[in-house]
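Asker: First the structure, then my questions, so here it is.
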Amino acid sequence: MERVDTTISPRYAQIPTFMRLPHDTDPSGYDVVVIGAPYDSGASYRPGARFGPRAIRAESGLIHGVGIDRGPGTFDLIRCADAGDIDLTPFNMNVAMETAQRRLEVLLRDNAAFLMLGGDHSMTLAALRATAGKHGPLAVLHLDAHSDTNPAFYGGEYHHGTPFRHAIEEKLVDPRRMVQLGIRGHNPRPDSLDYARDNGVHIVTADEFTQLGIADCTRFVRETVGDAPLYVSVDIDVVDPAFAPGTGTPAPGGLSSRELLALLRATGDLRLTGFDVMEVSPLYDHGGITSILATEIGAELLYQYARSRASERKPS
């Protein structure tokens with residue numbers, strides 16, 4: 001199965017898979033499988049992230065696999081496919097979480113890694129369970145306006161503010177090798193970040209990021225993660241809503257698109273094992289700009305994964 005040739009087929013034509021990758025519902029032997037998690041029953045404010053994977057795929061026809069001044073294209077370096085979506089019930093959090101975890105575990109049994117398109121951030125817990133099951137406790141680069149280490153509320157165990165609290169409690173992640181970057185805005189309690197900090201998570205607020213700059217932040221991420229298996233989770237609201245309005249809990253004062261993409265370029269120097277792009281809600285988007293950014297983030301992560309794999313293959 002081959003990717004659609006963009007020199008023959010116009011980028012607006014054909015069925016919209018991510019970056020026009022081949023659609024393979026039973027993938028095996030791929031470096032990365034793209035999988036959608038169309039679910040937003042864990043959202044606490046604006047709904048609509050269940051439509052995120054479809055919108056991201058629709059815009060992704062714009063993106064070629066060859067970056068400017070980067071040498072070989074992503075898909076000359078790694079083999080990828082789009083497996084479609086996980087069929088998730090919108091009525092039961094527990095069932096949805098179990099369904100997502102099982103599907104992702106199967107993907108990782110037969111393939112090296114996945115790129116998950118969300119969907120609200122609760123689904124990242126299923127991704128971390130599956131990835132840690134293969135690689136052991138993970139380092140995490142979590143780019144978000146919110147720490148997502150809250151306890152359950154509104155009677156929901158698995159809402160989009162809880163995934164990293166569950167991940168720490170279940171020992172899926174090594175909090176000493178976890179960086180949460182871009183945190184800002186308002187919280188229901190003055191101690192909302194205490195749980196993460198008390199467990200050793202490194203938090204870089206949006207203000208601190210501005211003071212430190214990209215170079216120092218990327219250096220800090222590299223030093224913190226080290227050689228541990230790394231999972232990267234991008235909540236689109238890490239970006240200022242001026243650049244990404246289509247999300248459920250927008251928070252002014254975030255990163256620019258350029259800053260976020262520059263940060264992600266450092267991940268190719270690390271041991272990448274999986275990644276996601278979450279919380280795109282096209283109901284609140286304008287001209288597709290949030291979905292276009294999410295596509296660019298996904299494309300960047302695929303390229304950085306290819307770089308990471310290439311460095312692993314080099315003889316020492």
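The values are calculated or read from the model by the stated rules, or taken from the named source; none is laboratory data. Please read these numbers as outputs of a predicted model, since none were measured by experiment. Positions of Cβ are generated from backbone atoms using ideal geometry, with glycine treated the same way; all protein chains shown enter the neighbour counts.
Asker: Identify, from the list GLY42, GLY36, GLY52, the residue that is within 27 Å of GLY156 (Cα to Cα) and part of a strand (DSSP E or B). Spell out the reasoning first.
Answerer: On the way: GLY42 fails: part of a strand (DSSP E or B); GLY52 fails: part of a strand (DSSP E or B).
Criteria check complete, one pass: GLY36.
Table: residues versus (1) within 18 Å of the chain's Cα centre (by Cα); (2) of a type in the set (A, V, I, L, M, F, W, C).
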position: THR6; (1), (2): no, no
position: ILE15; (1), (2): no, yes
position: VAL33; (1), (2): yes, yes
position: ASP40; (1), (2): yes, no
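Asker: Now for a separate question. How many residues does the stretch 222-252 contain that are under 18 Å from TYR284 (Cα atoms) and either over 17 Å from the mean Cα position of the chain (by Cα) or not polar (S, T, N, Q) (or both)?
Answerer: Step one: filter the stretch 222-252 for residues under 18 Å from TYR284 (Cα atoms), giving 235-252.
Next cut, either over 17 Å from the mean Cα position of the chain (by Cα) or not polar (S, T, N, Q) (or both) only: 235-246, 248, 250-252.
Total satisfying the criteria: 16.
Asker: Within the stretch 247-282, restricting attention to residues that are out of contact with any strand residue (DSSP E or B) (no Cβ under 6 Å at 6 or more places or on another chain) and assigned to a loop (DSSP other than H, G, I, E, B), which residue is surrounded by the fewest Cβ atoms within 10 Å (Cβ to Cβ)?
Answerer: PRO252
Asker: So which strands (runs of 3 or more DSSP E) are wholly in the stretch 78-160 and hold at least 3 residues that are modelled with pLDDT of 95 or more and either loosely packed, with under 15 Cβ neighbours inside 10 Å or over 15 Å from the mean Cα position of the chain (by Cα) (or both)?
Answerer: 80-85
Asker: Filter the stretch 1-33 for residues that are on the phi > 0 side of the Ramachandran plot, assigned to a helix (DSSP H, G or I) and in contact (Cβ under 8 Å) with a residue 60 or more places away in the chain and give the result.
Answerer: MET19
Asker: So, one more: So which pairs qualify, if the first residue must be in the stretch 91-111 and over 12 Å from TYR158 (Cβ atoms), the second must be basic (Lys, Arg) and surrounded by fewer than 20 Cβ atoms within 10 Å (Cβ to Cβ), the Cβ gap must be under 7 Å, and the two must be at least 6 apart or on different chains?
Answerer: Hits for this filter: LEU108/LYS134.
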